[in-house]
Every structure is written in C-alpha cells, then in structure tokens.
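This report concerns only the one structure given below.
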Amino acid sequence: MIAPYTAVALQTSVHNVPNRHEVDKNLRHIGNMIDLVIHICSLELPVRLITLGEGAIQGFIDEIIDMEQAEYTDVMAADIPGPETDALGEKARQHGCFILAQLKTKNDKYPGRFFNTVFLIDPQGKVVHQHQKNIILYTEHSTTPHDVYDEWIAEHGDSLESFFPVAKTEIGNIAGSVGVEGAFPEAWRAFAMNGAEILYHASLPEPWVSREIFQLQNRARALDNTAYMLAPNTGSLIVSGPPGTPDTTIGGALGGRSGIYGYRGEVLAESTVVDDCYISTQIDIESLRYYREHSRFQNWLPYLKTEIFSQLYAEPIWPKNLPPLQHADKGKIVAEVVEKLVARGAFTRSKIPPAKS
C-alpha cells in the first residue's frame, strides 16, 4: 500500500546562462528552494516528490538566439548522468524524495544533436527514468525521436513504451513531458495507457499563461486520463548584459502560475505568483486506483472505442527523419504542412490576403 504523501511543484526564476559552466547559478538556487520546501511542507505529510519547471536549470538560450544544434550540443547540452543530475541527486538523497525535472541532453548515438529530456531521480540519487520530448515548436532546436525515427525504432522498438515511457515507482506510476507537447492529448492518453497515475507538464511562457491556456491544458489532461497532474512553471527570466552592466530581470516572462490538479480535473493547488514560489498538495495513489476501478463517470479509459480512431493518423502529416534545422527552415515545413492540410480538407483556405513579409 502507498501511504498518502506531499508532492511539490517548485517554480523558480531562471538565469538564461550562455554555457554549461554557468548552470550552477540555477542549481544553487533550486537547491536552496528545495531545502526550504522540504522544511515547510513536511510539517503535514512527508514530501516524496518535487517537480521543476522546464528550463529551470539551463534556461532557453538556444531558442532565444536561434543557436544551431551542434553548437548547443557542444556548449550547453548535459549528460545523464552528469553534474546537473548529480547535484539534484544529492538533494534527493538528503531529503529521501524523488525529483522530476528537465534537461536538454546529449546522446552519443546522435552526434551534433540534443534531446529535450524529462528525467526522474529516485531517493538514492539515481536517474531511473527518461522521456525524450516528441513534439516541439518550430522555434525549438532539440531533436525528437520522430526526427530520427528509423534509428529510434531500430534501437527502442515501435511500441507506446518506446515513445511514451512510464516510471513504475514506490510512490506511483509517473510520466510526462514539457512545453507544447501539452497541446496534444494523444501523448497523455498514451502515458495513461502505459499505466501513468501522476502526469507532469512543464512549462508554458507568457502570454499563454495569462490566457489560461496552461491551466486549461493541464486540467483537461488530468480529467481525460483520471490522473494527477503536476504542472510546475518557471518564473522570471534573468538575462546577463555586457560585462560591467547589471542583469536584466524580466518578471514573469516564463509564465509562472504553477498548478497541481486532481484525477477528476479539480484544482488542488494553484499559484498566482509569477516569480519564485512553490505549491504543494497531498497525493493519494490508493484512492486514485480505487476510483479507476469503480467509477463509471469521469473515468474514461474503459470507454475507449479504439477501432473507430484507427484511421485518424494513418496518413503522415509532419515529416519524419529530419536533419537539424533552424527557425526559418522549420517555418518552411510548417507552411508546406499547412498546404497539405488544405489539400486534404482538414483546413479551409481563408479569403483574407496574406500578410506582407
């Protein structure tokens, strides 16, 4: 039996560091916040799970300046295990908790490429789970398994587990992804079909947080799949200026307003803060499992009629096996895919004249 425990969504300000040597600025800040959170939140129930926002460790330098994959891989991308996971692993050992976070990481099988990776560290300080983000915005530079599809399935197989792995742990079954992948319900349904009970989605920036898109996605994914959703965001972005000049802090640039949602889609904890903060809630895995077995409403996996959806994705849309691309290159692919969707009748062409470039 899994006793109820506390889970935390940790929201941190982020130094947008230019190289791997400077990620210590963010790691020290995260470590200090973890110490405080454990001290306070353990006054109720033991803290067994801490989650971090996307970019909390490395920032978003590659996306902001359109850095090439090979350059970012060389100057910033992390190894797992490596110094970044070692630092978090020490905190996990110190406090006897799991830590769920994100890094952009190297993979020796794919030289000059990096992946956007969700990872889970156990209370012994070991990385016990990884998921490589499958869907990215055109301004992102990370490789996805779909970009190296043929090589990926040759190594990992072509199953749901190959693309949507779930960590089966002593505190429940945990899985999730980051950023725009939250806009694709299929990904979270795949995690759930693999057994996920605790979902993780981090993060979205402004203005998509104040429009409540982040909250809407996260509550819907929890409700759709009868699962908890932990949705830590990041807060202020701290950008270094020229030597001898002060840093520029853009409060709330990365969205903030973290949330935690229950397996019936209800709000368990939310913050209106856009800078450093945390939220926490009780996780009761045994109650979730009982609800999944006995509820006949708001428990949707048993109602799936898979045959009628089987043709939905039979025809490819976004091309697979792509080389590393810059913003402009991906923009061209987006335009080509839109034309494909018009041709197949999914989109109807607007009569508004196109904007001048």
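Along the chain, the exposed loop sites are GluC sites (Glu not before Pro) outside DSSP states H, G, I, E and B with at most 15 other Cβ atoms within 10 Å, and the longest stretch free of them is 69-169.
Dipole magnitude for region 5-302: about 780 debye, using +1 per Lys or Arg Cβ and -1 per Asp or Glu Cβ, origin at the Cα centre. Among the chymotrypsin sites (Phe, Trp or Tyr not before Pro) in region 234-319, those placed in a DSSP loop whose Cβ has at most 11 other Cβ atoms within 10 Å are PHE297, TYR313.
Please report, largest first and rounded to whole Å, the three semi-axes of the ellipsoid equivalent to region 274-357, where each semi-axis is the square root of five times an eigenvalue of the C-alpha gyration tensor. Could you put the intermediate results ahead of the total?
Working: eigenvalues 318, 121, 48 Å².
Gyration-tensor ellipsoid for region 274-357: 40, 25, 15 Å.
The Cα atoms of region 199-327 cover 62, 42, 23 Å along the three principal axes, with the biggest extent listed first. Along the axis of the charge dipole computed for the chain (Cβ charges of +1 for Lys and Arg, -1 for Asp and Glu, origin at the Cα centre), the listed residues VAL75, PRO232, ALA335 are led at the positive end by ALA335. Remark on ILE57: its backbone amide H falls under 5 Å from none of the residues 5 or more positions apart or on other chains, H modelled at 1.01 Å from N.
You can think of it this way: the chain between PHE184 and GLU44 has 46.9 nm of extra reach, that is 0.36 nm per residue less the Cα-Cα gap.
Largest first and in whole Å, what are the equivalent-ellipsoid semi-axes of the chain based on the Cα gyration tensor, each being the root of 5 times an eigenvalue?
Numbers: eigenvalues 177, 153, 81 Å².
Ellipsoid half-lengths, sorted descending, are 30, 28, 20 Å.
Segment LEU36..THR249, full-extension length gain: 74.4 nm, with 0.36 nm per residue of separation and the alpha-carbon distance subtracted. The string of couplings for region 101-117 from the Karplus curve (6.51, -1.76, 1.60, θ = phi - 60°) is 8, 9, 8, 8, 10, 7, 8, 4, 6, 10, x, x, 10, 9, 10, 8, 10 Hz, one whole number per residue in order, with x for Gly and Pro.
So how many Å³ per residue does the convex hull of the Cα atoms of region 1-125 work out to?
On the way: hull volume 12.8 nm³, N = 125.
Roughly 102 Å³ of hull volume per residue.
Binned at 10 Å from 0, what are the whole-percent values of the Cα-Cα distance distribution for region 101-167, short to long? Per 10 Å bin, starting at 0, the Cα pair percentages come out as 20, 52, 26, 2. Going by Cα centres, region 84-132 and region 264-342 are how many Å apart? Between the Cα centres of region 84-132 and region 264-342 lies a distance of 22 Å. Taking 12 Å as the straight-line reach from the Cα of LYS340, the aspartates and glutamates in range (excluding those fewer than 8 positions away in the same chain) are GLU315.
In plain terms, the residue of ILE317, ILE285 with the fewest other Cβ atoms within 10 Å comes first and the most crowded comes last, giving ILE317, ILE285.
If R₀ is 25 angstrom, what is the calculated FRET efficiency for the pair GLU286 and LEU160, using the beta carbon separation as r and rounding to 0.05? Show your work: numbers first, answer last.
Values: r = 25 Å, r/R0 = 1.01.
The value I calculate is 0.50.
For the residue pairs LYS104/LYS330; LYS109/LYS332; LYS126/LYS168, the alpha carbons lie more than 23 Å apart in LYS109/LYS332.
What aspartates and glutamates could a cross-link reach from LYS133, if we take a straight Cα to Cα line under 15 Å and drop same-chain neighbours fewer than 8 places away? Partners found: GLU54, ASP147, GLU161, GLU181, GLU186. Of all aspartates and glutamates in the structure, the ones whose alpha carbon falls short of 20 Å from that of LYS351, not counting any fewer than 8 places away in one chain, are GLU336, GLU339.
Every read-out reported here was derived from the displayed coordinates using simple, explicitly stated rules and does not represent laboratory data. Computed from a predicted model, the values in this text were never measured in an experiment. Glycine gets a Cβ as well: all are built from the backbone with ideal geometry, and neighbour counts include every protein chain shown.
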